[in-house]
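What follows is a short report on a single structure.
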Amino acid sequence: MNFSRNWKAAAVALLTAFCLSTGIASADPISFPAPGAPAAGSTSDGCSGCLFDYESTPAAATGQAIVSWSFYALNTNPVTPVIFNSTGVVVGVGTTITPTGTGLQTNLFGRTQGTSVIAPGDTVGFFYPQRGSIAVTLGSGPQVIGETGFGGLQAGTTKIDTSSTIGDRTYYVSFTSNQVPLTPASAPSAGAISDLCKYCLFEYTPVTSKYNGDSLLSWDFYALNTNAATPTIFNSNGQVIGYGQADTPTSTGYQSFNYVPVWGTDALTTGDYLGWYLPGSGGPIAFNLTGGQGATEAAFPVPALGPNDVTTSPVTYRNYAVGFVASGTTSVPEPNCAPILALFAGGLIFFRRRLRPDTPRGY
């Protein structure tokens, strides 16, 4: 039995597998299913108010956020991207897209309800408020869960019948997930404006798995006025679970503040969201009306921010010049396995050369 040779081969294989699994686990971004062009003879669905649960999310996407999606349109009927949990309940709704024409359409997810962060067992699909637009090939591909008769979507309430499958079919649609970085704010583009809303709560930036267990350290933004804003932490259900002291810009332009907890937690969990509250003077944070994922918002009739407040209304396509910094924002780089493997192989050669002369070479 050549134990030495077998041991070395097993060790190298194990280390290689570790490197591959590390690379897979940190894959970023991930697109699923793989994008493709429609086959000849593709058609589109003819039903209205139809909800489809189409694709399981890959394990490597768990903890990431759906940031964009794409599809081949055969007409200009609107379509809405949807996230389902493992029981078929709608947990996330994106912005409804009206195709600009036929052909490939690529869009931001643009969360309007619920969450954009993928949990274990989640699936993705789409909703047609009118007749279908996405190209589909009938008679080949997976069994699809589909149901008609929906007049709209409500995250946390709308549920598709998971036993309601329709024939084999391939839709030409793809979703992309990614880790959403918690970084300092980027300067707004020309033409930025700020909110006039008073006593308003905004839920904006998702916390993906990269920051699970971290603490919120600071936040920053570009101010267009010197009105105050309060940094706020939401759980995955959109409820306020922590907020800091109100921060007042000293001038217009870039502003940075430490997060000073006033109530609740400063710890972050995958699926949380970060945002802010405007205490009554109108918002200072600059935003542009194009290029953003949007936010959800709630207006309160009284000047108060309280535990368990929830945002309720979508604010689509806003790109706020705001940033959040967590305790783990400076991440450890992924190891480069090539030099590790080379060093390990060198060590095996050295070990072999140091064998005693009377040691049998086969062991």
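There is at least one residue in the range 252-273 that is within 25 Å of THR312 (Cα to Cα), hydrophobic (A, V, I, L, M, F, W, C) and under 25 Å from the mean Cα position of the chain (by Cα).
Beta carbons closer than 7 Å, at least 6 apart along the sequence or on distinct chains, pair a first residue in the range 265-285 that is among the aliphatic types (A, V, I, L, M) with a second that is open to solvent by less than 10 Å² (accessible area, probe 1.4 Å) and outside any strand (DSSP E or B) for LEU268/VAL207; LEU268/TYR211; LEU274/VAL207; ILE285/ALA321.
Quick grid of which residues meet (1) open to solvent by less than 10 Å² (accessible area, probe 1.4 Å); (2) in a helix (DSSP H, G or I); (3) among the polar types (S, T, N, Q); (4) at pLDDT 95 or above:
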{"residue": "GLY46", "(1), (2), (3), (4)": "no, no, no, no"}
{"residue": "LEU51", "(1), (2), (3), (4)": "yes, no, no, yes"}
{"residue": "TYR54", "(1), (2), (3), (4)": "no, no, no, yes"}
{"residue": "ALA60", "(1), (2), (3), (4)": "no, yes, no, yes"}
{"residue": "GLY63", "(1), (2), (3), (4)": "yes, no, no, yes"}
{"residue": "ILE66", "(1), (2), (3), (4)": "yes, no, no, yes"}
{"residue": "PHE71", "(1), (2), (3), (4)": "yes, no, no, yes"}
{"residue": "VAL90", "(1), (2), (3), (4)": "yes, no, no, yes"}
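Pairs meeting the criteria (first residue in the range 106-133 and outside any loop (DSSP other than H, G, I, E, B), second residue small (Gly, Ala, Ser) and open to solvent by less than 20 Å² (accessible area, probe 1.4 Å), beta carbons under 6 Å, at least 6 apart or on different chains) are GLY114/GLY92; VAL117/ALA65; VAL117/GLY271.
Applying a threshold of 7 Å to beta carbon distances and a minimum spacing of six or more residues, or different chains, the list of pairs starting in the range 211-238 at a residue that is free of Cβ contacts under 8 Å to residues at least 12 places away in the same chain and ending at one that is crowded, with 18+ Cβ neighbours inside 10 Å and in a strand (DSSP E or B) is empty. Counting only residues that are among the aliphatic types (A, V, I, L, M), in a loop (DSSP other than H, G, I, E, B) and open to solvent by 20 Å² or more (accessible area, probe 1.4 Å), the range 205-224 holds 1 of them.
For the range 260-313, the candidate set comprises residues that are open to solvent by 20 Å² or more (accessible area, probe 1.4 Å) and of a type in the set (Phe, Trp, Tyr); within that set, the residue that is nearest to ALA223 (Cα to Cα) is PHE300.
Selection within the range 231-248: residues that are part of a strand (DSSP E or B) and open to solvent by 10 Å² or more (accessible area, probe 1.4 Å). The member of this set that is nearest to TYR317 (Cα to Cα) is GLN239. For the range 128-157, filtered to residues that are surrounded by fewer than 20 Cβ atoms within 10 Å (Cβ to Cβ) and β-branched (Val, Ile, Thr), the residue that is nearest to the chain's Cα centre (by Cα) is THR157. Scanning the range 193-204 for residues that are surrounded by fewer than 24 Cβ atoms within 10 Å (Cβ to Cβ), hydroxyl-bearing (Ser, Thr, Tyr) and closer than 21 Å to TYR222 by Cβ turns up just one, SER194. Taking SER251 as the residue in question, decide whether it is assigned to a strand (DSSP E or B), open to solvent by 10 Å² or more (accessible area, probe 1.4 Å) and among the polar types (S, T, N, Q). Criteria not met by SER251. For the residues VAL310, VAL240, the requirement of being touching an Asp or Glu at 6+ places or on another chain (Cβ under 6 Å), hydrophobic (A, V, I, L, M, F, W, C) and under 24 Å from THR95 (Cα atoms) singles out VAL240.
TRP7 meets the conditions (1) part of a strand (DSSP E or B); (2) at pLDDT below 95 in every case but one. The failed one is (1).
The values are calculated or read from the model by the stated rules, or taken from the named source; none is laboratory data. Because the structure is a prediction, the values reported are computed rather than measured. Glycine also receives a Cβ, built like all others from the backbone with ideal geometry; neighbour counts cover every protein chain displayed. Surface areas here come from the heavy atoms of the whole protein model, side chains and all, with no ligands, DNA or RNA. Shrake-Rupley method; radii C 1.70, N 1.55, O 1.52, S 1.80 Å.
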